[in-house]
1. Taking segment 83-109, which residues are open to solvent by 30 Å² or more (accessible area, probe 1.4 Å), of a type in the set (G, A, S) and either closer than 16 Å to L73 by Cα or at pLDDT 95 or above (or both)?
2. Does at least one position in segment 59-76 carry a residue that is polar (S, T, N, Q) and either buried (at least 19 other Cβ atoms within 10 Å of the Cβ) or at pLDDT 95 or above (or both)?
3. Can you name the residue in segment 110-134 that is aromatic (F, W, Y) and outside any loop (DSSP other than H, G, I, E, B) and, of all such residues, is surrounded by the fewest Cβ atoms within 10 Å (Cβ to Cβ)?
Amino acid sequence: MKAQAEPGAGLLLALVVSALATAAAAGWAGGEEPRTSPTLARQEAEQNAKTPAGKRYEGMLVSRVEEWLRSALVRCTEKAPPEELISFDAFVRVGAGGRAEEALFAPETAVARCVAPEFRSAKYPSPPQPSWWAKIEVRLK
């Protein structure tokens, strides 16, 4: 899905969300350092995104993420140096209640660090299973 950022921002954002279920170890919670590697989260997301539950969750998640992420990206890209305006992936482990249990970014750019609090505090759709990993590709142009 592609969406044009707010007028005049010169930012094209493509959100591609794939979801997966995994029994990952306990991770980010209230400031705790993440324990799952972005590499592992990516591998599992790519293997499991094709499940029927993953496809349904993806549809729900895409519309919700775009609602709150667009304004944060506009704010964060305006402050970032040009060399930091590169695409990144966000991996969010969503708990049964729709809250982030862990949020990782690869690569961890200045823009990714700037929007990280938004990913960690957002209310996500309730996942098909507890500790559901969602991969959100944020493409900056």
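The values are calculated or read from the model by the stated rules, or taken from the named source; none is laboratory data. Keep in mind that what you see is a predicted model, and the values were worked out from it rather than measured. For neighbour counting, all protein chains shown are included, and Cβ atoms are generated from backbone atoms with ideal geometry for every residue, glycine included. Keep in mind that these areas ignore ligands, DNA and RNA; they rest on the heavy atoms of the full protein, side chains included. Shrake-Rupley method; radii C 1.70, N 1.55, O 1.52, S 1.80 Å.
1. So in segment 83-109, the residues open to solvent by 30 Å² or more (accessible area, probe 1.4 Å) come out as 83-87, 96-97, 99, 101, 107-108.
When the remaining residues are screened for being of a type in the set (G, A, S), the result is 87, 96-97.
Passing the criteria: only S87.
2. no
3. Out of the qualifying residues, it is F119.
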